[in-house]
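Following: one structure in structure tokens, then a few remarks.
Readers should treat all values here as calculations from the given coordinates under stated rules, not as data from a laboratory. Please read all numbers here as calculations on a predicted model, not as lab measurements. Cβ: placed from backbone, ideal geometry, glycine included. Neighbour counts: every protein chain shown.
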Amino acid sequence: MIYKRILENMRQVKPNSFFLIVSFIAGITFLIVTPPFQVPDEINHFYKSYQISEGKFLSETTDNRLGGYIPKSLVETTQSFSGLRWNTNAKTSFKAISNHFSVPLNEDNKIFIDFPNTALYSPVSYLPQAFSIFILRNLNCSPIFIFYGARLFTLLVWIICIWLAIKITPIYKWLFVLLALLPMSIFTNMSLSADIATTILAFLLIAHFLKLTFEDKKIDLKKISVVTGLSVLLASAKLVYTPIILLFLLIPKRNFKNTREFYLYFIFTLVLGFGTALLWSKIINIQYIPYEDYNVAYRDGVDLVKGSNIHKQLDHILNNGLYIFEVFVNSMYQQFHTYYTGYIGIFGWLEIPLPTEIIHFSYLFIIFVAIFENNENLNFSVFQRFVIFGSLIATIALILLSQHLTWNIIGGDIIHIQGRYFIPVFPLLFILFNNSKYNKQFLTSVIVMLLSVTLLCFSARKVHLHYYIAPDFDTIKIECDAEGVVDKYLTTSIPDIYFEYANNRSSRYSRSGDFSIELSSEKPFGFTYKLYNCKMGDVIEIEVWRFGKSGSIILAGDSGKVFYLASSEVIETDPEGWEKLRYSYTLQSNMKGTEIITYLYNDSHDASYFDDFSISINNKLK
């Protein structure tokens with residue numbers, strides 16, 4: 001009886017109502033458990049949003065630098081959380097975050113900050129963020145309060161707009177709900193990312209085109225004005241999504257007064273949309289500064305790729321025949337897993353992926369919903385499917401091209417992009433499965449509800465564990481021989497524990513295997529690891545083999561505030577000249593929840609090589 005009642009209640013759930021409730025709860029949850037500035041490029045998006053809130057729609061250039069003048073307190077707040085980026089070991093706490101709420105804004109004390117990547121974005125991409133920041137900074141709120149306030153307001157704008165898109169579309173309402181509630185979608189759209197405006201405009205524009213396609217009513221100027229306005233805004237927000245405008249061709253000609261009016265409106269919308277995109281590209285082209293021309297003192301510390309140059313890359317493409325098509329094919333083959341997983345969920349600065357099995361199942365369920373959601377005999381013709389496919393492929397091609405121009409060295413053959421860039425356009429991929437032969441409407445709605453809630457709960461928990469929960473253990477020994485690497489980290493003898501500074505590996509000398517870590521004054525840090533749940537009486541013992549005469553073991557509690565210990569004591573030498581360093585320390589106070597960092601350090605001009613590093617912790621759990 002209860003089972004039947006539950007099923008009956010589920011039948012009554014409307015897709016837009018379900019989205020409204022779940023997106024709000026999930027969005028707030030992700031907003032809370034994701035520490036400040038832990039969505040890719042969120043720091044620079046914050047700077048750009050703040051700049052626009054002051055009425056500066058174009059970023060500033062000075063001394064071959066591109067960015068703007070930002071309150072120093074705001075910059076210092078962002079830097080407080082920079083250590084969490086790309087770091088699989090670093091943790092924070094809600095207390096550490098809340099401490100920043102007392103930091104005053106001091107808006108008059110400004111410094112110039114470089115943010116050359118987001119500086120080129122259109123103001124349209126930051127309207128919700130900039131509006132909320134404008135209100136909060138005029139109330140003299142603290143930087144962290146402004147940040148969270150902007151996150152919350154932008155999330156609410158996204159929720160309302162996607163809710164509206166779901167109401168507007170005559171088909172695939174549950175599919176739209178599922179795609180909008182994917183973990184990566186929620187994670188991105190609760191942030192300050194410029195992708196939020198793009199997603200809003202793309203979903204609304206697709207929904208409006210579908211409505212005009214399937215409603216049996218004459219098209220008037222008001223309806224055309226809506227799609228034209230959305231097209232212009234989308235083109236100005238991110239020009240790579242402009243091909244979505246081609247969906248205009250889905251609208252039956254019979255809905256217009258005559259064929260001439262159809263093509264007139266189509267050409268008008270197309271020219272206005274693409275014209276806007278070209279106009280903005282001309283504007284940002286004036287501001288663009290490639291790596292080679294950027295201020296030498298700053299270019300290696302900002303978001304620029306050494307060897308990249310949009311203009312020279314474009315010339316290379318135009319003068320090398322099928323080169324760009326080879327790059328596209330090669331990238332889709334080599335980087336498919338990154339694109340594939342990134343659309344569903346890779347959190348943080350791409351260091352918190354969902355398990356591959358969950359990614360596979362998610363796609364299977366999405367395709368199931370796309371095939372079996374009943375759309376009341378609303379089918380696409382062969383021509384309409386061709387239009388949808390063409391719009392999809394053209395958009396994906398422009399996404400790849402834009403990343404190749406901006407982030408690849410000249411002549412590079414692999415395009416590295418994040419799967420989240422496909423969020424605005426992938427509804428087109430899945431509606432291609434449209435058919436009226438199969439009808440499992442209720443089953444698809446149940447799948448969407450259960451899958452969305454399950455995925456979001458699992459993902460939120462994974463993000464929370466990554467940033468806030470440090471592992472507890474009795475006695476553990478972590479060993480690393482510098483042989484294995486995952487992204488920028490060294491693998492260890494313990495799964496899911498990694499050491500930092502894999503980029504300092506060297507094959508010049510090694511005690512075991514083929515690699516060691518080379519440290520000198522130019523690259524002084526190695527084998528970095530952070531502990532959090534240690535208590536008084538716990539014993540931390542560190543060992544490493546060194547080839548060279550300089551370099552020490554460092555152990556520091558709470559960034560050196562509680563203790564800072566260094567040792568280069570040699571206890572053993574092998575026949576090859578490698579020296580074994582060991583340091584053992586018993587904690588004198590309770591450090592639970594406080595960061596203890598251990599690493600190797602060499603500030604000498606003479607390089608030393610380190611291999612077979614290990615940390616042993618005897619943790620006195622009560």
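Below are the figures for this structure:
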item: With Cα atoms, 0 to 90° folded angle of helix 127-138 axis to the chain main axis; result: 60
item: 3J(HN,Hα) from dihedral phi, the range 523-534, Karplus parametrisation 6.51/-1.76/1.60, rounded to Hz, x for glycine, proline; result: 9, x, 10, x, 6, 6, 8, 10, 10, 9, 10, 8
item: Chymotrypsin sites (Phe, Trp or Tyr not before Pro) lying in DSSP loop within the range 298-404, provided at most 16 other Cβ fall within 10 Å; result: TRP349
item: Distant-in-sequence amide H partners of PHE563 (H built 1.01 Å from N, under 5 Å); result: GLY557
item: Tensor-based shape of the range 475-618 (alpha-carbon gyration tensor, a/c under 1.5 rounded, otherwise prolate or oblate); result: prolate
item: Residues in the range 165-182 reached by a label modelled at SER17 [backbone nitrogen below 18 Å; 7 Å Cα→Cβ]; result: 165-169, 173-175, 177-178
item: Residue-count net charge about GLU215 - beta-carbon cut-off 14 Å; Lys, Arg +1, Asp, Glu -1; result: +4
item: Label-point separation in nm, ALA297 to ASN439, each point 7 Å along Cα→Cβ; result: 7.3
item: For ASN533, distant residues with modelled amide H under 5 Å away; result: GLY593
item: Cα shape, the range 57-167, gyration tensor, a/c 1.5 rule; result: rounded
item: Distance (nanometres) between label positions extended 7 Å along Cα→Cβ at VAL382 and LEU264; result: 3.2
item: Rel. contact order, % - alpha carbon contacts under 8 angstrom, at least six apart, the range 475-618; result: 35
item: HN-Hα J in Hz across the range 318-334 - Karplus 6.51, -1.76, 1.60, θ = phi - 60°, x for Gly and Pro; result: 5, 9, 10, x, 8, 3, 5, 5, 5, 5, 4, 5, 4, 5, 4, 6, 6
item: Mean separation of Cα contacts under 8 Å (6+ apart) over length of the chain, as relative contact order %; result: 14
item: Computed lengthening from ASP413 to ASN106, 0.36 nm per intervening residue step minus Cα-Cα distance; result: 105.9 nm
item: Gyration tensor verdict on the range 224-370 (Cα atoms; rounded if a/c is under 1.5, prolate if a/b is larger than b/c, oblate otherwise); result: oblate
item: Taking HIS337, HIS416 and counting other C-beta atoms within 10 Å, the order from fewest to most; result: HIS337, HIS416
item: Stretchable slack from GLN334 to ILE371, in nm (0.36 nm times residue separation minus alpha-carbon distance); result: 10.4 nm
item: Residue order, fewest to most surrounding Cβ atoms within 10 angstrom, among HIS466, HIS45, HIS605, HIS360; result: HIS605, HIS360, HIS466, HIS45
item: For ILE171, ILE494, order by how many other beta-carbon atoms lie within 10 Å, fewest first; result: ILE494, ILE171
item: Inter-centroid distance (Cα atoms) of the range 595-620 relative to the range 380-449, Å; result: 46
item: Sites SER507 and ASN140, calculated FRET efficiency, Cβ-Cβ separation with R0 45 Å, nearest 0.05; result: 0.20
item: Per-residue HN-Hα couplings for the range 66-73 [Karplus 6.51, -1.76, 1.60; θ = phi - 60°; Hz; x = Gly/Pro]; result: 10, x, x, 8, 10, x, 4, 4
